[in-house]
1. Is one or more of the residues making up the range 69-82 in contact (Cβ under 8 Å) with a residue 12 or more places away in the chain and part of a strand (DSSP E or B)?
2. Exactly one condition in (1) surrounded by fewer than 21 Cβ atoms within 10 Å (Cβ to Cβ); (2) modelled with pLDDT of 95 or more; (3) within 17 Å of R61 (Cα to Cα) is false for F98; which is it?
3. Go through the range 34-68 and give me each residue that's in a helix (DSSP H, G or I) and crowded, with 17+ Cβ neighbours inside 10 Å.
4. Pick from R252, R204: which is in contact with a Phe, Trp or Tyr (Cβ under 6 Å, 6 or more places away or on another chain) and under 29 Å from W110 (Cβ atoms)?
5. Please enumerate the residues belonging to the range 98-143 that are within 30 Å of W234 (Cα to Cα) and in a loop (DSSP other than H, G, I, E, B).
6. Residues that are among the acidic types (D, E), at least 2 per element: which helices (runs of 4 or more DSSP H) completely within the range 157-259 meet that?
7. Could you list, in sequence order, the residues of the range 189-224 that are hydrophobic (A, V, I, L, M, F, W, C) and either touching a Gly at 6+ places or on another chain (Cβ under 8 Å) or under 20 Å from P28 (Cβ atoms) (or both)?
8. Of the residues that sit in the range 167-201 and are without any contact (Cβ under 8 Å) to a residue 40 or more places away in the chain and surrounded by 13 or more Cβ atoms within 10 Å (Cβ to Cβ), which one is farthest from L143 (Cα to Cα)?
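The values are calculated or read from the model by the stated rules, or taken from the named source; none is laboratory data. Given the structure is predicted, the values throughout are model-derived calculations rather than measurements. Because the Cβ atoms are built from the backbone with ideal geometry, glycine has one as well, and the counts that use them run over all protein chains shown.
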Amino acid sequence: MVQRTGDGSAGDVDYGDIGGTYAQFRQPDPIIEAQIHRALGDAKTVLNVGAGAGSYKPTDRQVTAVEPSRSMRAQRPAHLVEAIDATAEDLPFPDKSFDASMASVTVHQWSDLEKGLSEMRRVTIGPVVLLVCDPELMHDYWLSDYIPEVRAVEAGRFPQISRIVDALGGKVEVEPVPVPLECSDGFNEAYYGRPERFLDPAARLACSSWSLVSEEAVDRFVTALSRDLESGDWDRKYGHLRQQAFFDGPLRLVIGRSG
C-alpha cells in the first residue's frame, strides 16, 4: 500500500504544506501543452494521473483525473471535472478503460515507478504520455551555480529516462521539450531568462524541490542572486538568456505505445 501524508499526498512532500500557490504559479504553458496534446493523438478518453490543480488537461476530450493530494484537488478550477482520490500505483479502473493516459511532472512522486507505469499501461488502450525531467541534464543550468542543492535534489528524485523506457515497454519515443522564455508553468527551468522570479518565495515554493533543501541554502541563494543582479554580474554571465526564445534543458516527453 502507498504511504500517504495527512493531505493525501503520496510522494516525498506534503502538498498540504507547500501546495497553496501551485494554481497561481503553475499555469499550463500553451507551447508545452500543444506538444503533450499532439502526443495524445486522436484519443477521445484520457486519464490524467497526478493531475494536480489541472495543468495540461485537454479540454476537447473526455478526461478522468486522479490526484491523491486534497490540497491540489481543492485548487482545481470549477470548470474542471472533480479529481478522483487515488494513486498511480492503484488505479481504480478496469483494464483498457481509456484511449490514452498522461502524467505531467509527477512520476518522481510515485513510491513505485514500475507499478505506476504498469497500472497506466493496464488501463490504457493507446499512448501513455509522460512529461518528465532527465536527471542527467539537471545541472546544465545556471541555477546550479547558485544553489546546487536544489538541482541535486531534483536529479535524485527523477528516475533515469532509460528506467522509464524499460518500464513502459513496447514502442517508446523520447522528445525534447523546449521551454519558452515566457513560460507560464513555474518549474525551475521556466525562469531561465527571468532570474528575478526566483527572489519571490511563493514562486520558489511552487516547485517542490525548494522545500527539500535547508533554509540556510535558500538564504545563501537569495543573498548571492540579489547581489549579482544588482551588480550586473548575473547579466554579464547569463544576460543572453533574457533574449533566448527557448531553453532546451532536462524536460522530456516520453510517449509509450503498446504496439
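1. Taking every residue of the range 69-82 in turn, none turns out to be in contact (Cβ under 8 Å) with a residue 12 or more places away in the chain and part of a strand (DSSP E or B).
2. Against the list (1) surrounded by fewer than 21 Cβ atoms within 10 Å (Cβ to Cβ); (2) modelled with pLDDT of 95 or more; (3) within 17 Å of R61 (Cα to Cα), F98 comes up short only on (1).
3. Those that are in a helix (DSSP H, G or I) and crowded, with 17+ Cβ neighbours inside 10 Å: Q35, I36, H37, A39.
4. Criteria check complete, one pass: R204.
5. Scanning the range 98-143 gives V105, D134, M138, H139, D140, Y141, W142.
6. Of the helices (runs of 4 or more DSSP H) lying wholly inside the range 157-259, those with at least 2 residues that are among the acidic types (D, E) span 215-231, 233-238.
7. A190, A202, A203, L205, A206, C207
8. Filtering the range 167-201 for residues that are without any contact (Cβ under 8 Å) to a residue 40 or more places away in the chain and surrounded by 13 or more Cβ atoms within 10 Å (Cβ to Cβ), the one farthest from L143 (Cα to Cα) comes out as D200.
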